[in-house]
Amino acid sequence: MKISLGYQVLFAVFLGILTGLFLGSFSSVLQPIGDIYTMLLQMAALPYICLSLIHGIGSMTPSLGKKLLQRGWFFWLILWGSVFFVIYALSFMIPRPLFTIIDASSNEEKQLIRNFLNYLVPKNPLYDLVNNIIPAIVAFGLIFGIALMHLRAKEPLLSIVERGTQLVEKILLWLAIISPLGIFIRCAVAFGTIYFEEISSIGFYVMGFIFASLVLTFWILPLLLSSFTAFSYRETLKAFRSVCLLPFATGLPTLALPLAITYMKTLSQRTREKDHFDSLSQTALPICYSLGQIGNCMALFFILFISFFFRHPFSGWEKAILSIFMIPMSFGSSTTSLSVVSYLIEQLRLPIESIALFKQGAVITLNFQVLMSSASILTFLILVIYSYYNRIQWRWKYFLIHFSCLCLTFILAIGFFRKNVSMNDYFNRKNADFQVADVLSFPVHAKIFQGMSEQPRGSNTSDPFAHILRSGVLRVGYSTLDPPYSYLNQQGELCGYDIAYAYQLAKDLDCTLELIPIRFEDLLHQLEIGEFDVAMASVIMDEERIKTMEFTAFYKEEDFVLVALTAHRARFLDLRALEKNASLRLVTYGSLIIPARRHFPLASIEIMNNNDPLLEPLLQGKVDGALWTRVQASAWCGSHVDFVPLDYGGALGKCFFAYPVKLGASTWASFLNHWLVLKSQDGFQDAMVRYWIEGEKGKNLEPRWSILRNILHWVD
């Protein structure tokens, strides 16, 4: 007995989930096959979008095209207005995004518009096809289709385009036949490799996406059909079931095309002009397919969520630009959403990890996106055809009543959600649960001293390197106030980028480790008497210190930034005005005093001891801002959400972190320099930057749970 494609897909989903749970991370060997299937989909989808648009528009007469435009534009606006309504209603449930850092030196809005225009205008169609630039491909199809529509004796060219369209449709049909294999691989890889704790971090986006698709498919779109046509709610659901079910199961929106034609033929039996009805449906369907897939617009919901998750808030103007350009960027097929999201993440300067989060969420959301798009294609097609044949029934009272109920439902949901559900972003407690053991295998034993009374006596040797090798003990100076370089985590453990380097240095020297607290005002004295052999706590190398200490080559370069209350950020955007502000009150410390006085000669500057919390006067409201380094300020503001760092593109100067040793210990400094080069070459430096600075914890997770590993114990 032949099994229908729908049941094959369901079986493939079930088998893929079991395979992923059984194999775990070993299922990743199937990923290349899944990538091939995805690439084949894109190979067929992109030419089809272009060819179907050219054929659909070019086959019309100018009068027919003009009439369809006049009859369809209103419903097209309502369709896209509906999805924007749902997206922004959901976005109100998301807490207001906070800032990680404000770039006060750039004009991102003009650059954003310029880049979007380059993405939308078909400057080089071949380049657009190769690079999956869907909006430009759609624009190319529209322009050539309109031009073809106005040609005389266009039948030979139309025939060629039609043959090309049929050719791609045949390829898409073949891909539909093997779709159970593609779905099986996708599910197996997803359930075998994805860490579900990572999915839970974007749980609101995934659940919100599903909720939006169900609301649009089973409430808003049926409301539009029943408000403007003779369709009842039950008839609408029957239509959606016949057209949308198979595309939803397979994740292929192109399967909606033949199903929509079949349904329209059935529907045409109710009209008096059956032949014209069928012909117009086949002409309008490619246009509705390319321009009416509102499910693709859900990429905007992901971007709005990510702006909260990674603390990258958009201005009202940026949101307006993004919303306007999202419409043409959504034209095309659901298989190209990844290209659109990747482009937006790059242009909006969102963290690159956002792409991985989108891919993980797409395992669940893609089919619902296709469901929504398939239903919107059919809805748009029916409304356009009915409007063309003057069969629209304007039931405004019915529409307004149900739309009011919809608005009330969202208002109640937003109020309940914001009051009763808390959402955490990426920076909540970031670095707070990090620890050295996560990134170092078998770290050496370390003794951590905290007070002067318990500190060991200094070695007072002229050659620290020889003393380390002879005694087997490495002494390192540390601080607890400089995240993410040297600080205490939420368990009270000493950790950070520099602390990890200290452990690794001791391990490479085959020494035990003693960690001695730094008194920054006595740093020179501590080095001279040998209280520690090297200070590793984001020590700034400056012109004054290099006169009295030996330094390694700098390992990190950072801009100086100002930290201020987020609510007062507008006061700090104009650096020139700040430099002339005599009422400005700032706080800083140590090597930062010189740039503070240089750039703000009229300001009142409070000097803090290096061993005291720098931002304490800012927290108490005694000063307006603080001069600090970019990464440290960002780390501090991550847990103090009322404050934000403002970066002026290096206009305040830069600082250089390096490891100081006592003056004259050139052999020891030379060894450290060569050792740092080795650490940069063997990948240690990159790993530390990813973990401590960029916060990528996923690299050190335990292997994914699987039946093969954790139950049967067939592999380690």
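Mind counting the residues in region 652-693 that are closer than 19 Å to Asn460 by Cα, among the polar types (S, T, N, Q) and either buried (at least 22 other Cβ atoms within 10 Å of the Cβ) or within 37 Å of the chain's Cα centre (by Cα) (or both)?
Number of matching residues: 0.
Just for helices (runs of 4 or more DSSP H) wholly inside region 558-620: which have at least 1 residues that are closer than 19 Å to Val631 by Cα?
593-599, 616-619
Test Leu257 against the stated conditions and say whether it is surrounded by fewer than 17 Cβ atoms within 10 Å (Cβ to Cβ), touching a helix residue (DSSP H, G or I) at 6+ places or on another chain (Cβ under 8 Å) and of a type outside the set (Phe, Trp, Tyr).
no
Return the only residue of Leu440, Leu344 being outside the structural domain of Ile287 (by TED's automatic domain parsing) and touching a helix residue (DSSP H, G or I) at 6+ places or on another chain (Cβ under 6 Å).
Being outside the structural domain of Ile287 (by TED's automatic domain parsing) and touching a helix residue (DSSP H, G or I) at 6+ places or on another chain (Cβ under 6 Å) holds for just one of Leu440, Leu344, which is Leu440.
Restricting attention to region 536-553, does a residue exist that is touching a Ser or Thr at 6+ places or on another chain (Cβ under 9 Å), within 23 Å of Ser441 (Cα to Cα) and buried (at least 19 other Cβ atoms within 10 Å of the Cβ)?
yes
Starting from region 617-641, take each residue that is without any contact (Cβ under 8 Å) to a residue 60 or more places away in the chain and list its partners that are basic (Lys, Arg) and part of a strand (DSSP E or B), counting only C-beta distances under 9 angstrom and pairs at least six apart or across chains.
Close Cβ pairs (under 9 Å, with a partner that is basic (Lys, Arg) and part of a strand (DSSP E or B)) amount to Pro617/Arg585; Lys622/Arg585; Val623/Arg585.
Working only within region 227-251, note down all residues that are in contact (Cβ under 8 Å) with a residue 60 or more places away in the chain and in a helix (DSSP H, G or I).
Once the filter is applied, which keeps residues that are in contact (Cβ under 8 Å) with a residue 60 or more places away in the chain and in a helix (DSSP H, G or I), region 227-251 yields Ser227, Phe228, Ala239, Phe240, Val243, Cys244, Leu245, Leu246, Pro247, Phe248, Ala249, Thr250.
Considering region 11-39 alone, what residues qualify as being farther than 23 Å from Ser706 by Cβ and either in contact (Cβ under 8 Å) with a residue 24 or more places away in the chain or buried (at least 18 other Cβ atoms within 10 Å of the Cβ) (or both)?
Within region 11-39, Tyr37, Thr38 meet the criteria.
Applying the selection to region 464-483, what residues are hydroxyl-bearing (Ser, Thr, Tyr) and either buried (at least 20 other Cβ atoms within 10 Å of the Cβ) or part of a loop (DSSP other than H, G, I, E, B) (or both)?
Passing the criteria: Tyr478, Ser479, Thr480.
Select, from Leu151, Leu157, Leu90, Leu181, the only residue that is in the same structural domain as Leu357 (by TED's automatic domain parsing), within 30 Å of Ile411 (Cβ to Cβ) and at pLDDT 85 or above.
Going through Leu151, Leu157, Leu90, Leu181 in turn, just one is in the same structural domain as Leu357 (by TED's automatic domain parsing), within 30 Å of Ile411 (Cβ to Cβ) and at pLDDT 85 or above: Leu90.
Does Ala633 qualify as being surrounded by 16 or more Cβ atoms within 10 Å (Cβ to Cβ) and more than 30 Å from the chain's Cα centre (by Cα)?
no
State all residues of region 661-678 that are part of a loop (DSSP other than H, G, I, E, B) and touching a helix residue (DSSP H, G or I) at 6+ places or on another chain (Cβ under 6 Å); if no residue qualifies, say none.
Ala665
Name the residue, out of Thr566, Thr588, that is surrounded by fewer than 20 Cβ atoms within 10 Å (Cβ to Cβ), touching a strand residue (DSSP E or B) at 6+ places or on another chain (Cβ under 6 Å), hydroxyl-bearing (Ser, Thr, Tyr) and over 25 Å from Glu493 (Cβ atoms).
Thr566
The values are calculated or read from the model by the stated rules, or taken from the named source; none is laboratory data. Bear in mind the structure is a predicted one, so any value in this text is a computation, not a measurement. With ideal geometry, Cβ positions are generated from the backbone for all residues, glycine too; neighbour counts draw on all protein chains shown.
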